[in-house]
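Below you'll find the structure, written out as structure tokens, and then a few comments.
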Amino acid sequence: MKPTVGILGMGLMGRPMALNVLAAGYPLVVYNRTASRADEVVRAGARLAASPRELAVQCEVVITMVSDPPALEACLWGPDGVLAGLGRGRVLVDSSTVSPALAVRAAAACAELGASFLDAPVTGGTWGAEKGELVFMVGGEAEVLDRARPVLSTMGKRFFHLGPHGAGQSVKLAMNLILALEVGALAEALALVERAGVAGEKLVDVLQASMARAPVLDVKAPLMLERRYEPSFPLRLMHKDLGLAIQLGNELGVPLPAAAAVREVYSAVRGCGGEDLDYAGVASFWER
Ligand SMILES: NC(=O)c1ccc[n+]([C@@H]2O[C@H](COP(=O)([O-])OP(=O)(O)OC[C@H]3O[C@@H](n4cnc5c(N)ncnc54)[C@H](OP(=O)(O)O)[C@@H]3O)[C@@H](O)[C@H]2O)c1
């Protein structure tokens with residue numbers, strides 16, 4: 001008998017992750033604050049829970065995939081939250097990107113209930129989520145990862161056990177810091193060559209020939225050249241991750257000057273409001 005799995009958060013990432021868990025034959029219960037966003041997954045065979053608590057009561061493994069620290073706090077500690085229903089021996093896996101400090105706090109709350117916790121943020125984007133090829137960055141006990149691995153393997157193929165609780169989030173924030181800076185640098189350089197009268201495609205061609213083909217060049221550059229910014233990884237979430245990385249740097253006494261500078265550019269685009277852009281939309285700062 002496969003254990004019952006619960007997933008909270010039917011956003012861009014949670015939906016395809018849930019479909020892969022279902023496809024692997026696990027009984028699945030889902031919850032989303034806006035219930036209608038769970039329709040596709042419910043049609044595919046999942047049960048819809050009315051609250052995080054109701055979900056947690058029914059599931060051996062609970063996975064959270066929500067936007068940011070306040071969202072995770074609401075799902076865990078809010079009225080009818082996961083922690084009100086999580087039983088002894090259960091495993092809670094948080095795959096959202098939040099602060100390492102929040103991961104440590106969630107782990108302590110689980111331990112008080114006799115349950116186990118892993119921080120297990122992911123990389124691979126919506127493409128990786130759809131293909132079941134996410135990469136998990138895990139903090140917590142190796143034995144708990146071994147217990148959760150069969151379920152997580154339906155959504156991802158590579159697991160890095162990085163240390164105690166919070167270690168997964170520290171590495172995830174470092175990963176997104178690199179991506180945010182790379183995309184910010186590319187946007188800035190494109191604005192420069194285009195203002196100098198050279199087509200942006202030409203810069204990208206030269207870059208492609210001069211270094212290993214990188215996801216930023218293969219995936220984001222074409223969208224930036226076409227000014228197509230429909231969200232795959234929303235800019236508001238990258239802005240959140242830059243803030244979390246800078247906060248972690250502050251806590252640890254590590255200066256992050258390039259990250260602080262590029263966050264101002266992401267802040268400016270975010271502050272313009274309007275539609276939900278992908279983080280490649282940082283390029284629109286120079287268009288404006
Ligand atoms: N997209 C990517 O490429 C990508 C890649 C790797 C990691 N991540 C990380 O994965 C997480 C999810 O990303 P996503 O792209 O799936 O985000 P998303 O599409 O914006 O979905 C966010 C989810 O969080 C829920 N939520 C937000 N605030 C909430 C609150 N206060 N209480 C309860 N639920 C709340 C939303 O519910 P509603 O539907 O009700 O708004 C939705 O289910 C984020 O931490 C992100 O940084 C994303």
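Taking the criterion of being assigned to a helix (DSSP H, G or I), of a type in the set (A, V, I, L, M) and free of Cβ contacts under 8 Å to residues at least 24 places away in the same chain, the residues of the stretch 236-288 that qualify are Ile246, Leu252, Ala260, Ala261, Ala268. Out of the residues in the stretch 13-49 meeting the condition of being out of contact with any strand residue (DSSP E or B) (no Cβ under 8 Å at 6 or more places or on another chain) and part of a loop (DSSP other than H, G, I, E, B), tell me which one is surrounded by the fewest Cβ atoms within 10 Å (Cβ to Cβ). Top of the filtered list is Thr34.
Name the residue that is surrounded by the fewest Cβ atoms within 10 Å (Cβ to Cβ), counting only residues in the stretch 115-143 that are of a type in the set (Ser, Thr, Tyr) and near the ligand (Cβ under 10 Å from one of its atoms). Before you say what the answer is, go through the steps one by one.
Residues of the stretch 115-143 of a type in the set (Ser, Thr, Tyr): 116, 123, 126.
Now narrow it down to the ones that are near the ligand (Cβ under 10 Å from one of its atoms): 123, 126.
Working: Thr123: 19, Thr126: 16.
My answer is Thr126.
Selection of the stretch 73-95 for residues being near the ligand (Cβ under 8 Å from one of its atoms) and touching a strand residue (DSSP E or B) at 6+ places or on another chain (Cβ under 6 Å) yields Cys75, Ser95.
Exactly one residue out of Lys157, Lys172 is within 16 Å of the ligand (Cβ to nearest atom) and buried (at least 18 other Cβ atoms within 10 Å of the Cβ): that is Lys172. The condition (being under 12 Å from the mean Cα position of the chain (by Cα) and at pLDDT 95 or above) is satisfied by just one residue among Leu113, Leu86, Leu134, Leu118: Leu134. Filtered by the rule that a residue be in a helix (DSSP H, G or I) and modelled with pLDDT of 90 or more, the stretch 194-203 gives Glu194, Gly200, Glu201, Lys202, Leu203.
The values are calculated or read from the model by the stated rules, or taken from the named source; none is laboratory data. This structure is a prediction, so every number in the text was calculated from the model and none was measured. Ideal geometry is used to build each Cβ from the backbone, glycine not excepted, and the neighbour counts take in all protein chains shown.
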